[in-house]
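Read the structure below first, then the notes.
None of the figures in this text is laboratory data; all of them are computed from the coordinates on show. The model shown is predicted, which means the values in this text are computed figures rather than measured ones. Note: ideal-geometry Cβ built from the backbone for every residue, glycine included; neighbour counts use all protein chains shown.
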Amino acid sequence: MAFDIEQLSLALNHSPLFQPLTVHLEPGQIGTVMGPSGSGKSTLLAAISGTLPPVFELGGDIRLNGQSLLSVPIEHRQVGILFQDDLLFPHLNVYQNLVFALPGGLNRAQKRERIASALASAGLADFERRDVATLSGGQRARISLLRTLLAEPRLILLDEPFSKLDQHLRGQFRDWVFSRIIELGIPALMVTHDPADRPVQGRLITLETSDA
Amino acid sequence: MITRLLPWFPRLLLLAFLTPVLVGLAGTWLPAFGWFPALEQRSLSLAPWLELLHYPGTGTALRLSVLTGLGSSLLALGATLLILMAFYPSRGFRRLEKLLAPILSVPHAAFAIGIGFLVAPSGWLVRWLAVLTGWPEYPPNWMTFKDPYGLSLMLVLALKEIPFLLFMALASLPALKVEKTLWLGASLGYRPGKVWLTLIWPVLYGRLRLPFYAVVAFSLSVVDIALIAGPTAPPTLAVMATRLFNDPDLLLRLPGAAAATTLLLVTVLSLAILYYLERPLRWLCLRLLSNGKRPRLRLGLRIWASLVLIPGTFFYLGSLLVLILWSFAGQWRFPGLWPDPFSSRTWVSAPERLLDPLWLTLSTGLSAAVIALVLVIGALENEVRLRQLKPGFTAQRLLWVVYLPLLVPQIAFLFGFQVSLAWLELGGRWWVLVWSHLVFVLPYTFLTLSGPYRAYDERYTWVGLSLSGHRLATFWRIKLGQLWRPLGYTLATGFAVSVAQYLPTLFIGGGRFATITTEAVSLASGSNRRSMAVYALVQQLLPLIGFALALSLAAWRYRHHRALQQSQT
């Protein structure tokens, strides 16, 4: 599943946020978007995820496996999003959070099996019944990624996903996230302020302001 | 599909509560100026106004309305400020916060009946006096309840409105960062009293303005409490207008319409004066702020506030207790402190008489509350849609419209609405009764739900959509799933508002509908204290059960979810 951004431009009141952007990501490749505050990094993610307010003028195209995403509503894009807040649903336990993401058509035993194996892969076996409020920051972050992956996304967007984690957790979690993304062969686009977050073999995408 | 329907919700909501108000106002103004074709009155004139002017007691009734209405509202506002200054933020205040919901759920009529049982010449307070001092031997000839000056009415109104204003203030206080402002003031050498008056109160009042205006409009024109606790000869203008509207002499409806319109004018004038007084008072606050004086004098705020809180608590608990005692009274002669003997006779025979009004109260209240909840959720969801289309969109200006039915005296439009319904041959139908309750249930539903609904983090919805691929599943399971507590609380509030309605049931039903509230108020003018107590208690219990159910359901739903256990509404 290849991901392409073709000559994408975003403008507000006819004022472009950055120079037209072209990006190509292969399956399992991670692109890191860097740029100064206000350069439009989060707006770029909103455009890709389908949450861009219509006040923005959008030009160019966003394609996933050759298919344009622009007219596809958010719920049908199959684009997973990870924010800096884990956004685990506080009224659901770990199992319910994860089962919400599973595709339809699975029977109960299949759902249990998938969730159990996902939790085990993250070192969180037997966490099914846990209230998400009782989890540590690192555990919450891992559950959040598992939830995103269980929905079988075709693309993953990471909006500064490591910025709220402690320094010692940060590197560990970052490596785990990247390894999972590469292993599953999903293209991913990450926005970050921290150059250390950039994966070694990943692509660096710099947003250049239009007056640059 | 549903997204396409969303823009209709705010329109439907406005239509549901503005139509009766606007049609009703016009339908009252025309008879006030002599136009009432149903009674063969077809010429516009000032005759109804002149008739009202010459009607016995009009001047006194007007004076009583203004004095009790404005007096009780200002007392309630002052007491609210005093309690906040003395106790916010503190552990004691947090305890008080928890008591606010059950206190707010006490219907006005039930509270007024209970206060009557306490302070009347043969009431519990005088009985205590008689037992402790041996005097008086007989109920004294005092005017302690339904007094001609309207003092007991003012007391009931002020006590009932303080919790409402406190509740509304609580919604705004977190944003004002009171603790930090007090700390900052103290570091500059100012005592909390001065910091409150000069820095916090001017901002807080701006946010309390509309609820306070609603209190003023309500107090100026209330009918049920004035019937129970107000003066009788003459009564307040609102009661006088109600009597004129229901007089066997049909032509008295015309001066009645003039009286109702007078109340509207008095309300508009009072609110305008309050509005234009704000600027000079603000200027005074700023002068006080900038004079640099740091008075050493302790104001003894907690003592003053306790002088409000302790009697207030006493009146709430005492009125409940005395209602329970009267409902179980066999005989209760003066000056006995307790009924002798106790009897369950009134309760045993109650179901027979209670069942029909109870069923009507429940069915009307639940229907109005559910319809209001659905409309308000739709309107708020439309706001979310608009905010997505246009970041920064707020519907704050709409707040004045939402408050409109609470700012216009009920008596000023319900008669006109009743006349219009009769003209359309829609009078006396149950769904119209529900609609008339909706006029008042909708604004409270909107005010209760809008805060927590707007505070919901929409990113949960985005995540839900990207995970599930289903809008409806995300809305039900993720958004509403997290909002059980405010949704339940809002539903209970809507139900409580409907249960407490007196005038809409009286006017729209044209005497055909009897709810627990209309029965309680009509019993209050009689002498059967036992039945009065039973109806007042049932009226008080219904909203309380609603709130208890709503809060326990939310507590049960979130019993395994720590993050949502302590959430406020």
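List of remarks:
- Dimensions in Å of segment B:33-86 - Rg and Dmax from alpha carbons: 19.4, 60
- Dipole of the protein assembly as shown, positive end: most advanced residue of B:P295, B:P235, A:A133 [Cβ charges, Cα centre]: B:P295
- Rounded to whole numbers, the Karplus 3J(HN,Hα) couplings from phi for segment B:183-188 are 5, 5, x, 5, 5, 9 Hz, using 6.51 cos²θ - 1.76 cosθ + 1.60 with θ = phi - 60°, and x at Gly and Pro.
- Two numbers describe the Cα atoms of segment B:245-318: Rg and Dmax, which are 22.7, 65 Å.
- Options B:G469, B:V441, B:T515, ranked by Cα towards positive dipole end of segment B:437-544, top entry (Cβ charges): B:G469
- One Cα centroid belongs to segment B:79-145, the other to segment B:526-554; the line between them spans 18 Å.
- Summary of the geometry: segment A:22-47 and segment A:91-126, compared by the centres of their Cα atoms, lie 30 Å apart.
- Within 10 Å of each Cβ in A:128-139, the average number of Cβ atoms from other chains: 2
- Per-residue Cβ neighbour rank within 10 angstrom, fewest leading, A:I48, A:I181, B:I273, B:I324: B:I273, B:I324, A:I48, A:I181
- Under 19 Å from B:K160, Cα to Cα: lysines that are on another chain or at least 8 residues apart: B:K98, B:K146
- Taking the inverse of the mean reciprocal distance over all distinct Cα pairs, the Kirkwood hydrodynamic radius of segment B:166-283 comes to 17.3 Å.
- Kirkwood estimate for the protein assembly as shown, i.e. one over the average of 1/r between Cα atoms, Å: 30.1
- Electrostatic dipole magnitude of chain B [Cβ: Lys, Arg +1; Asp, Glu -1; Cα centre; debye, to 20]: 2540
- Qualifying lysines (Cα of each under 23 Å from Cα of A:K41; at least 8 residues distant if same chain): A:K164, B:K390
- Phi-derived couplings, Karplus 6.51 cos²θ - 1.76 cosθ + 1.60 at θ = phi - 60°, listed residue by residue for segment B:238-249: 5, 5, 4, 4, 4, 5, 5, 5, 9, 6, x, 6 Hz, with x used for Gly and Pro.
- Centre separation in Å (Cα based) which lies between segment B:1-50 and segment B:371-431: 14
- Taking the Cα centre of the protein assembly as shown as origin and assigning +1 to Lys and Arg Cβ atoms and -1 to Asp and Glu Cβ atoms, the resulting dipole is close to 1640 debye.
- Rotationally averaged projected area of chain B (alpha carbon convex hull; nm²): 30.4
- For A:I81, the residues whose amide H sits under 5 Å from its own are A:L157, ignoring neighbours fewer than 5 places away on the same chain, with H placed 1.01 Å from N.
- Mean ellipticity per residue at 222 nm, deg cm²/dmol - from DSSP H runs of n ≥ 4 across chain B, formula -39500 (n - 2.57): -24500 deg cm²/dmol
- Farthest toward positive dipole pole in segment A:1-133 [+1 Lys/Arg, -1 Asp/Glu at C-beta], among A:S121, A:Q84, A:G35: A:S121
- In sequence order, segment B:90-101 has phi-based couplings of 7, 5, x, 5, 5, 5, 4, 4, 5, 7, 4, 4 Hz under the Karplus curve 6.51 cos²θ - 1.76 cosθ + 1.60, θ = phi - 60°, and Gly or Pro positions carry x.
- Over segment B:106-155, the Kirkwood radius and the radius of gyration, each from Cα atoms, give a ratio Rg/Rh of 1.03.
- All lysines inside 19 Å of B:K293 as judged from Cα atoms, apart from same-chain residues fewer than 8 positions distant: B:K194
- Residues whose placed amide H lies under 5 Å from that of A:T32, excluding near-sequence neighbours: A:M190, A:R203, A:L204, A:I205
- Taking only Cα atoms of segment B:312-431, radius of gyration then Dmax in Å: 23.5, 70
- Under the Debye formula (equal points on every Cα, no solvent term), log10 I(q)/I(0) of segment B:30-123 at q = 0.13, 0.19, 0.22 Å⁻¹: -0.79, -1.06, -1.17
- When the alpha carbon gyration tensor of segment B:389-458 is reduced to an equivalent ellipsoid, the three semi-axes, largest first, read 32, 13, 11 Å.
- Rg over Rh, two decimals, segment A:71-189 (C-alpha only, Kirkwood Rh): 0.94
- Once the mean of 1/r is taken over each pair of separate Cα atoms and inverted, segment A:21-124 shows a Kirkwood hydrodynamic radius of 16.8 Å.
- Note on chain A: along the principal axes its Cα atoms extend 53, 39, 31 Å, ordered by decreasing extent.
- Given charges at beta-carbon only (K, R positive; D, E negative), |dipole| of segment A:17-134 in Debye: 280
- Scanning residues 5 or more positions from A:S9 or on other chains, those with amide H under 5 Å from its amide H are A:L21, A:G59, A:G60, with H placed 1.01 Å from N in the peptide plane.
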